[in-house]
Amino acid sequence: MLKNIALKIHRNPELAFQEKKAVKILTKPLKEAGFNVQVGLAGMDTAFKAVWENNNNKNKPKIAFLAEYDALKEMGHACGHNLIGTIAVGAALALTEVCNELPGTLMVLGTPAEEGGGGKVIMADQGIFDDIDAVILCHPKNKTMTIRDGLALVHVKFKFYGKESHASVAPEKGISALEAMINSFVAINSLRQFVKDDVKIHGIINKGGVAPNIVPKYCEAEFLIRASTLEELEKVKLKVYEAVKHAGGTVGADVEIEEGLEYADRNNNKKLANLFKNNLEKLGEKVSPPPKIGEIGSSDIGNVSHLTAAIHPYIKICSEDIINHTPEFKEAAASKKGIDGMIKAAKAMAMTGYDLFYKDGVLKEVRREFNTWEAKEKGGSSK
């Protein structure tokens, strides 16, 4: 069943906030198993919540397995989100089949639009994670890891406004939005030696004019800016925004900055990660240490990890020379290795859920670690 779910989602890739087929595919077996399923959360049609709870103990503990299922533009499931959603569903079904009367509440939370839309950020802002004790999401990759950092990120569009004119007859009467944009790329490149090593700034040109003999009136670029923490991200953003504004001003163009949602840096709960690691090893999986330098991306689970105990482990589905967001990884996400890794991850997730529900003191240790982090980082009261 899990194989069919994963392959069906893989064959029907859907972009951020449009994942209607994936939601139906993932929620159908949950409904059939007796989960209370609600589709539509936090103002998003493709977010969902599936709940399994003991009527005698509805409040504590509350554990959530997180599902992702959006695809990449023009590349389909080249990040393996077809496997992520299936892992969460498979783990929930396995755990509730073995332990029909859970001492608390188990949820599968469907979180759309991880690839730039920030579904988890929206859900976090709407309080969806406020009363959950721990969350787990497992991502396919080229190696198995249970700890890996995540950079804070913001998605930004720069819009440049100039004035059209004939590029040969009267270029002096025009203002080139394209030159403003090109100058901005140069200005951003000049900043790279003046930021910390973990800062990443990368962009593309979405619109560069309509014809070479017309001075471009409107151009648009899209950037991702990353830094180690949200605090550092704010500092980098100010530098980038000032550089772009001045670059546009050098040719007389106006610049509009359209800022998207911010993804927070990741707070890995080490106690929870160690539980997942032990369960993977019981299943015969070799777990690699996190990279010492680099190899760090970003995910909106970072925002969740600032609200509750969270982990984002990885399961190996291919050789180490294959990287996410490539055609080769897309192929791996539908391969036998991919399906085998997915099933193993679902088993480890179910086993970790069992540990949290049934093993004395385990969840308390996980929560203690999070509360200590929260008190140190935010100075707020413990949950």
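The values are calculated or read from the model by the stated rules, or taken from the named source; none is laboratory data. The shown structure was predicted, so the numbers you read here are calculated from the model rather than taken from an experiment. For neighbour counting, all protein chains shown are included, and Cβ atoms are generated from backbone atoms with ideal geometry for every residue, glycine included.
Scanning the range 156-215 for residues that are touching a His at 6+ places or on another chain (Cβ under 8 Å) and β-branched (Val, Ile, Thr), we see that the one that is surrounded by the fewest Cβ atoms within 10 Å (Cβ to Cβ) is 214. Could you say whether any residue in the range 193-205 is aromatic (Phe, Trp, Tyr), in contact with a strand residue (DSSP E or B) (Cβ under 8 Å, 6 or more places away or on another chain) and either in a helix (DSSP H, G or I) or touching a residue at least 40 places away in the same chain (Cβ under 8 Å) (or both)? No: the range 193-205 contains no residue that is aromatic (Phe, Trp, Tyr), in contact with a strand residue (DSSP E or B) (Cβ under 8 Å, 6 or more places away or on another chain) and either in a helix (DSSP H, G or I) or touching a residue at least 40 places away in the same chain (Cβ under 8 Å) (or both). Beta carbons closer than 7 Å, at least 6 apart along the sequence or on distinct chains, pair a first residue in the range 348-369 that is among the charged types (D, E, K, R) with a second that is at pLDDT 95 or above and part of a helix (DSSP H, G or I) for 355/275; 355/362; 365/271; 369/270; 369/271. Of all the numbered requirements in (1) assigned to a helix (DSSP H, G or I); (2) surrounded by fewer than 21 Cβ atoms within 10 Å (Cβ to Cβ); (3) not assigned by TED's automatic domain parsing to the domain that holds residue 371, residue 274 misses one, and that requirement is (3). The requirement of being modelled with pLDDT of 95 or more, more than 30 Å from residue 127 (Cα to Cα) and either of a type in the set (A, V, I, L, M) or surrounded by 22 or more Cβ atoms within 10 Å (Cβ to Cβ) (or both) is satisfied by residue 338. For the range 77-116, filtered to residues that are at pLDDT 95 or above and in contact with a Pro (Cβ under 6 Å, 6 or more places away or on another chain), the residue that is farthest from residue 156 (Cα to Cα) is 83. State yes or no: is residue 112 closer than 25 Å to residue 34 by Cα, crowded, with 21+ Cβ neighbours inside 10 Å, under 20 Å from the mean Cα position of the chain (by Cα) and not hydrophobic (A, V, I, L, M, F, W, C)? Yes: the conditions hold for residue 112. Of all residues in the range 325-348, those that are assigned to a loop (DSSP other than H, G, I, E, B) and either under 19 Å from residue 289 (Cβ atoms) or out of contact with any Cys (no Cβ under 9 Å at 6 or more places or on another chain) (or both) total 2. Scoring residue 294 on the criteria (1) over 14 Å from residue 79 (Cα atoms); (2) crowded, with 24+ Cβ neighbours inside 10 Å leaves a single failure, condition (2). Being within 30 Å of residue 168 (Cβ to Cβ) and either under 27 Å from the mean Cα position of the chain (by Cα) or surrounded by 22 or more Cβ atoms within 10 Å (Cβ to Cβ) (or both), is that true of even one residue in the range 223-241? Checked the range 223-241: no residue is within 30 Å of residue 168 (Cβ to Cβ) and either under 27 Å from the mean Cα position of the chain (by Cα) or surrounded by 22 or more Cβ atoms within 10 Å (Cβ to Cβ) (or both).
Cβ separations smaller than 8 Å between residues 6+ apart or across chains give the following pairs from the range 140-155 residues that are hydroxyl-bearing (Ser, Thr, Tyr) to residues that are part of a loop (DSSP other than H, G, I, E, B) and surrounded by fewer than 23 Cβ atoms within 10 Å (Cβ to Cβ): 144/285; 144/286; 144/287; 144/288; 146/287.
One residue stands out among those in the range 115-132 that are of a type outside the set (Gly, Ala, Ser) and in a helix (DSSP H, G or I): the one that is surrounded by the fewest Cβ atoms within 10 Å (Cβ to Cβ), which is 125.
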